[in-house]
Amino acid sequence: MRTERLRWPLRTRRRRFVAAAVALVVLLAGFGLRLAAVGADAAGHLRRAIALVGDLERQLRAGDLAGARVTAGDLRRQAEAARADAHGPSWWAGRRLPGAGDDLTAVGAVADAVDAVAAGVLPPLLDAADGLSKAMGRGSSGTDADLKTVEAAAPRIAAGAATARAAQRRLAALDRAGLTGPVRDAVRQVSDGLDRVVPLLDPAARAARLLPRLLGADGPRTYLVLFQNLAEIRATGGMPGAFAVVRADRGRFSLVEQGTAAKTLRTFDAPVLPLDADQEDLFTDRLGTYPADVNLTPDFPTAAALIREMYRQRSGRSVDGVLATDPVALAYLLGATGPVALPTGGQLTAGNAVRQLLSEVYLTIAAEPDQDAYFAGAAKAVLERLMGGVPISRELASALSRAAAERRLLAWSAHPQEQADIAGTVFAGTLPDDDGARPTVGVFLNDGTGAKLGYYLTRSVSVQTGRCLAGGARPLRVTVTLGSNAPARGLPPSVLGLGLAGPSVVRTNVLVYAPTGGSPVAARQDGAEVDLGTGLEKGREVAVFTVDLAPGAHSTLVVDLVTGPLPNQGAVTPRLLLTPGSAPWNSRISAGPPCDK
């Protein structure tokens, strides 16, 4: 089919570097505010540096990278001068004067930190952001060299991160008890700022290393983009009903193909890849034979590899990776970018996208081919908006961060080195291989109705952490309440679907994943004890339950788990991973006290 050229500025990707740079600038703003009384020369340079910081922050937030680079150069010169003054002969002598030495030592540490950030961290972040902006800007002036600039910045960002961590450790080691108030406050500001900034730097280095390859710096790439339909629930979110294939070539993206799981990929007589025995026990071979069921597992790499192979067998083409998102993530983005016009008329907005894509389309369009055409048109319109240029903003960064934190933006690469960089990030869609000191609990849902009733499902969950058991294990109590606000009548056949549990009844299969080394021990449903259906996935024990809900009904599961021995005997707050839905979960996590309490 005809390939449509689209520009993909992915300024949204550039935000990772700009966000880190902005955070550094905000940190620098607190560095020299209270040092005027100690070391006039160094403090003067620091005050001039802080005056530049305000300009730099404004330039970064406005996307003026050229202006920011000039200001960053001036900032670096002032920081170098402050550091030189803080290590000069008069400063050396002053540090030995009674009552002044501690303050001068601390100011020297602050000056070193300012210089380390200005010289070692800001420049590579700006290089990466600038290179990515030029490579994927609205114009056609981007070159391969721009993406190579981004890639070359990666080891420099990593080195800057190491420098920032060293400054962080030096400030943490200062004895603040003998410092005067202004100096102590300045050290605290610096330390707090570094605590916020340092965690951003390793992800920024990883992004600089990874993005050029993903964007086709070394040759064209193709990606299968899945649109998860949250109206029919799957463990990673929703049934991957519609998809698009996009091509990346030196930072430019084009739309290659659109299709559906049901009509383009269809079902297979046998699993397209060998299935893990534990996963097959839990999910049957549907995992590898039904494109709409590849994500019955919450492990996105498994789902991605399976649907990639399904696409290869049907099309004869192999893609380089798989991406997945959903209508809620789209609504978040539309809140930052503004509405999208639909080819059928009307608009998708932040306020109507979820309702329109998960409910109204089924209520207003009766024929399935017409529904498919509507979804295809909506997907194309959204891709064209995102590929056509989305300026960076605080609102956009917030929308992307929220969607990623809720597991609504997932990514997998068929290239092992790139997948290793994705693994462990919020985009990976996995549970930890080893929980370590912080136990992880997963609560994942799969539709058992064969319908589009997931839009009407309400969800709440709590995790309570008990006191230490012998050997350092912890008891955990997971309480899951599901409800249905589906209407008792009036829903069309396209929503009611197969009705496997009865008309308008929502059947949901609930999977509760124990921490690594732990296990489920007991369960009750609506106050009555129930047998545990159990399985294994990726080394974790899994308790499985089925919940049927008539319109207006709700049901509560209480599942008792026990962790394995934990290395941390202090207070423990579990991590909770959930299937994202059409509305956020109502969730609550209670920490457990230290073992000696």
(message) Please go through the stretch 440-456 and give me each residue that is open to solvent by less than 10 Å² (accessible area, probe 1.4 Å) and touching a Leu at 6+ places or on another chain (Cβ under 7 Å), ordered by number.
(response) Thr440, Val441, Gly442, Val443, Phe444, Asn446, Thr449, Ala451, Gly454
(message) Any residue that is in a helix (DSSP H, G or I), touching a residue at least 40 places away in the same chain (Cβ under 8 Å), over 15 Å from Pro240 (Cα atoms) and open to solvent by 60 Å² or more (accessible area, probe 1.4 Å) - is there at least one of those in the stretch 304-314?
(response) yes
(request) With respect to Tyr455, determine if the residue is closer than 22 Å to Pro298 by Cα, touching a helix residue (DSSP H, G or I) at 6+ places or on another chain (Cβ under 6 Å) and hydroxyl-bearing (Ser, Thr, Tyr). (result) yes
(request) Output the residue which, of all residues in the stretch 249-269 that are open to solvent by less than 20 Å² (accessible area, probe 1.4 Å) and farther than 24 Å from Thr302 by Cβ, is modelled with the lowest pLDDT. (result) Gly251
(request) Scan Pro515, Pro520 and give me the residue that is open to solvent by less than 30 Å² (accessible area, probe 1.4 Å), in contact with a Ser or Thr (Cβ under 6 Å, 6 or more places away or on another chain) and either assigned to a strand (DSSP E or B) or not aliphatic (A, V, I, L, M) (or both). (result) Pro515
(message) Going residue by residue through the stretch 391-414, is there one that turns out to be among the β-branched types (Val, Ile, Thr), on the phi < 0 side of the Ramachandran plot and modelled with pLDDT of 90 or more?
(response) no
(request) Considering each residue of the stretch 280-301, count those that are touching a strand residue (DSSP E or B) at 6+ places or on another chain (Cβ under 9 Å), open to solvent by 10 Å² or more (accessible area, probe 1.4 Å) and either farther than 21 Å from Gly450 by Cα or assigned to a loop (DSSP other than H, G, I, E, B) (or both), and give that number. (result) 2
(message) Consider the stretch 484-495. How many of its residues are in a helix (DSSP H, G or I) and either small (Gly, Ala, Ser) or farther than 23 Å from Pro584 by Cα (or both)?
(response) 2
(message) If I ask for residues that are open to solvent by less than 20 Å² (accessible area, probe 1.4 Å) and at pLDDT 70 or above, which ones from the stretch 45-59 would you list?
(response) Leu56
(message) Which count do you get for residues in the stretch 400-423 that are outside any loop (DSSP other than H, G, I, E, B) and either touching a residue at least 24 places away in the same chain (Cβ under 8 Å) or over 8 Å from the mean Cα position of the chain (by Cα) (or both)?
(response) 14
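Of Arg221, Arg196, which residue is within 24 Å of the chain's Cα centre (by Cα), open to solvent by 10 Å² or more (accessible area, probe 1.4 Å) and at pLDDT 85 or above?
Arg221
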(message) What are the pairs with Cβ atoms under 6 angstrom where one residue, in the stretch 560-589, is without any contact (Cβ under 8 Å) to a residue 60 or more places away in the chain and the other, located anywhere, is of a type in the set (Gly, Ala, Ser)? Sequence gap at least six, or different chains.
(response) Ala571/Ala591
(message) Just to be sure I understand, how many residues within the stretch 213-235 are closer than 14 Å to Phe253 by Cβ and not in a strand (DSSP E or B)?
(response) 5
(request) Determine if the stretch 497-504 includes at least one residue that is out of contact with any Leu (no Cβ under 6 Å at 6 or more places or on another chain), in a strand (DSSP E or B) and crowded, with 17+ Cβ neighbours inside 10 Å. (result) no
(request) Please give the number of the condition Val256 fails out of (1) of a type outside the set (S, T, N, Q); (2) closer than 24 Å to Lys452 by Cα; (3) out of contact with any Gly (no Cβ under 8 Å at 6 or more places or on another chain). (result) (2)
(message) Checking the conditions here, which among Ala177, Ala135, Ala231, Ala145 is at pLDDT below 85 and surrounded by 24 or more Cβ atoms within 10 Å (Cβ to Cβ)?
(response) Ala135
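Look at Ser462 and say whether it is more than 12 Å from the chain's Cα centre (by Cα), under 26 Å from Tyr223 (Cβ atoms) and open to solvent by less than 40 Å² (accessible area, probe 1.4 Å). Spell out how you get there, then give the answer.
Working: more than 12 Å from the chain's Cα centre (by Cα): yes; under 26 Å from Tyr223 (Cβ atoms): no; open to solvent by less than 40 Å² (accessible area, probe 1.4 Å): yes.
No; evaluated as a whole, the condition is false for this residue.
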(message) Out of Val319, Val272, I need the residue that is closer than 29 Å to Ser133 by Cβ, at pLDDT 95 or above and in a loop (DSSP other than H, G, I, E, B). Which one?
(response) Val319
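Quick one: which of Thr508, Thr481 is open to solvent by 10 Å² or more (accessible area, probe 1.4 Å) and outside any loop (DSSP other than H, G, I, E, B)?
Sole residue among the options that is open to solvent by 10 Å² or more (accessible area, probe 1.4 Å) and outside any loop (DSSP other than H, G, I, E, B): Thr481.
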(request) Need at least 2 residues that are open to solvent by less than 60 Å² (accessible area, probe 1.4 Å), at pLDDT 95 or above and under 19 Å from Leu482 (Cβ atoms) per element, so show me which strands (runs of 3 or more DSSP E) inside the stretch 527-597 make the cut, counting only ones lying wholly within it. (result) 540-549, 554-562, 575-578
(message) Suppose we filter the stretch 322-358 for residues that are in contact (Cβ under 8 Å) with a residue 12 or more places away in the chain, assigned to a loop (DSSP other than H, G, I, E, B) and surrounded by 15 or more Cβ atoms within 10 Å (Cβ to Cβ); how many remain?
(response) 3
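The values are calculated or read from the model by the stated rules, or taken from the named source; none is laboratory data. It should be emphasised that the depicted structure is a prediction, and the values quoted were computed from it without experimental measurement. Virtual Cβ from ideal backbone geometry, glycine too; neighbours counted across all protein chains shown. The area values use the complete protein model at the heavy-atom level, side chains included, leaving out ligands, DNA and RNA. Shrake-Rupley method; radii C 1.70, N 1.55, O 1.52, S 1.80 Å.
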